[in-house]
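> Below is a structure I'd like to ask you about.
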Amino acid sequence: MSRYESLRIGELTVEKPVIQGGMGVGISLSSLAGAVAKAGGLGLISSAQIGFKEPDFHENPKAANMRAMASEMEKARAIAPNGVIGFNIMVATRDYPEYVKQAVNVGADIIVSGAGLPVSLPEYVKGSKVKIAPIVSSPKSASVICKMWDRKYHRAPDLVVIEGPLAGGHLGFSREELSKFHADREDTDQTYDQAAYDQEIRDILEVVAEYGEKYGCHIPVVSAGGVFSREDMAHHMSLGVDGVQVGTRFVTTEECDAAQAYKDAYLKAEKKDIVIVKSPVGMPGRAIRNHFLEEMETKPEKITRCFRCLEHCNPLTAPYCITMALIRAALGQVDDALLFCGYNAYRCHKMETAAEIIADLCGEEH
């Protein structure tokens, strides 16, 4: 038995209050999301360049992505027919509304959306039963989204995901904000100020509760970023959240969709290897330091083809193509790739299964 109650999102029930974070490109697809959903958690497929293995991806990436969203959802459903499965779709995605509508079309239970403020998300799911969950990183961003949705769409979020500064991939913080939670420089032995962000979580819970009261319902909140162990989950749950979202620990699973070489990079990483980088779109991100990152500091890559992935990327000024750097990571070309990760990647020491991780986080024997 789990030591925690199920996560209820409207009429959806997630038996174990663990959401597997969406990781792109190609890290969390049908295999991982399906396995997590089968084990009682909520599995998220990342829509980011999801069609990279389709034969026409280089010629028509958008069509390839739309097709892959359908096939990955179908495969995930085959693994977990009764599980809760959704998509993570970045607001920064070019043609964002079309990706959201496709997620609805292919039968997603929920859409989790960050990397920008999803202020118009309700518009794109209108008339469907699909649940929508913004990712927020501060009381201010939570307040802006709730206020906008309330005023314009007369509704509140179905779920709110709080993503803290220890998360992986693109982060919803400036470098200055990140430093607020760290006593030491990001690229050295880091000392994280947990208490400072705990207060942010409590403040966000207050904002969300206010809108729950207005709409006569409980809006569940899950926290993410740095949740790795049973103790981490217990700490987050003690703050009053309804569940947690976990990304990094699910990378080193048998079911993770990435190549084994990518998983091995996590297994080999030491604390000093986890660094904050500036992505080609100007946002800070967390990654494993490797030959590629060192090379890009002095010798930018020539971009010969734009995949039109992110709204604010300019191929004329970008130091490298983030699509290709992340595809190479997923395919296991780890020395020549951007290896996004969470702060705790250095804590990955062994291969596990999704079910083992969920059982461990929830305090069960597996």
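The values are calculated or read from the model by the stated rules, or taken from the named source; none is laboratory data. Treat the numbers as computed from the prediction; the structure is a model and nothing was measured. As a convention, Cβ positions derive from the backbone with ideal geometry for all residues, glycine included, and neighbour counts pool all protein chains shown. Surface areas here come from the heavy atoms of the whole protein model, side chains and all, with no ligands, DNA or RNA. Shrake-Rupley method; radii C 1.70, N 1.55, O 1.52, S 1.80 Å.
> Working from the pairwise distances between different alpha carbons, so that the mean of 1/r is found and then inverted, what is the chain's Kirkwood radius in Å?
Evaluated over the chain, this radius sits at 20.3 Å.
> Something else now. Let me have the relative contact order for the chain, percent, based on Cα pairs under 8 Å that are six or more residues apart.
19
> What whole-number volume per residue, in cubic angstrom, does the convex hull of the C-alpha atoms of segment 207-366 give?
151
> Suppose the chain between Glu5 and Lys53 were pulled fully straight at 0.36 nm per residue; how much longer would it get relative to their current alpha carbon spacing?
Full extension from Glu5 to Lys53 adds 13.4 nm.
> In nm, give the distance between the simple-model label positions of Asp198 and Asn105, each being 7 Å from the Cα along the Cα-to-Cβ direction.
According to this spin-label approximation, the distance is 4.7 nm.
> Same structure, new question: Among the DSSP beta bridges whose two residues both lie in the chain, what percent are antiparallel, rounded to the nearest 5?
Of those bridges, close to 30 percent are antiparallel.
> Taking only protein heavy atoms into account and a 1.4 Å probe, give the accessible area per residue of segment 264-333 in Å².
51
> How much accessible area per residue does segment 4-74 have, in Å², with a 1.4 Å probe?
On a per-residue basis, 34 Å².
> For every helix of n ≥ 4 consecutive DSSP H residues, a contribution of -39,500 (n - 2.57) applies; sum these over the chain, divide by its total residues, and give [θ] at 222 nm rounded to the nearest 500 deg cm²/dmol.
-10000 deg cm²/dmol
> Can you tell which of Gly21, Gly127, Gly83 shows the greatest fluctuation in a Gaussian network model of the chain with Cα springs below 10 Å?
It is Gly127.
> Where does each of Glu255, Glu11, Glu270 land when they are ordered by accessible area, with a 1.4 Å probe and the largest first?
Glu11, Glu270, Glu255
> Moving on. Can you put Thr93, Thr298 in order of accessible area, largest first, using a 1.4 Å probe?
These residues rank, largest area first, as Thr298, Thr93.
> Please give the per residue accessible area of segment 105-153, computed with a probe of 1.4 Å over protein heavy atoms only, in Å².
The answer is 41 Å² per residue.
> Viscosity 0.692 mPa s, temperature 37 °C: give me the Stokes-Einstein translational D for segment 319-366 in µm²/s, with Rh taken as the Kirkwood radius over C-alpha pairs.
The estimated diffusion coefficient comes to 251 µm²/s.
> Tell me, what is the FRET efficiency for Lys75 and Lys214 to the nearest 0.05, using R0 = 51 angstrom and their Cβ-Cβ distance as r?
Computed FRET efficiency for Lys75 and Lys214 comes out at 0.80.
> Roughly speaking, what is the stretch gain from Asp264 to Glu123, that is 0.36 nm per residue apart minus the C-alpha to C-alpha distance, in nm to one decimal?
Stretched fully, the Asp264-Glu123 segment lengthens by 46.6 nm.
> Let me ask something else about it. Can you send over the carbon and sulfur percentage of the accessible area for the chain, probe radius 1.4 Å, protein chains only?
Answer for the chain: carbon and sulfur cover 49 percent of the accessible area.
> Rounded to the nearest 0.05, what FRET efficiency do Cys306 and Ala63 have when you use their Cβ-Cβ distance and R0 = 22 Å?
Between Cys306 and Ala63 the formula returns 0.90.
> Full extension from Glu365 to Glu98: what is 0.36 nm times the residue separation minus their Cα-Cα distance, to one decimal in nm?
91.9 nm
> Among the lysines, select those whose C-alpha is under 24 Å from the C-alpha of Lys271, and discard any that sit fewer than 8 residues away in the same chain.
Counting by Cα, and skipping residues close in sequence, Lys271 has these lysines nearby: Lys180, Lys263, Lys350.
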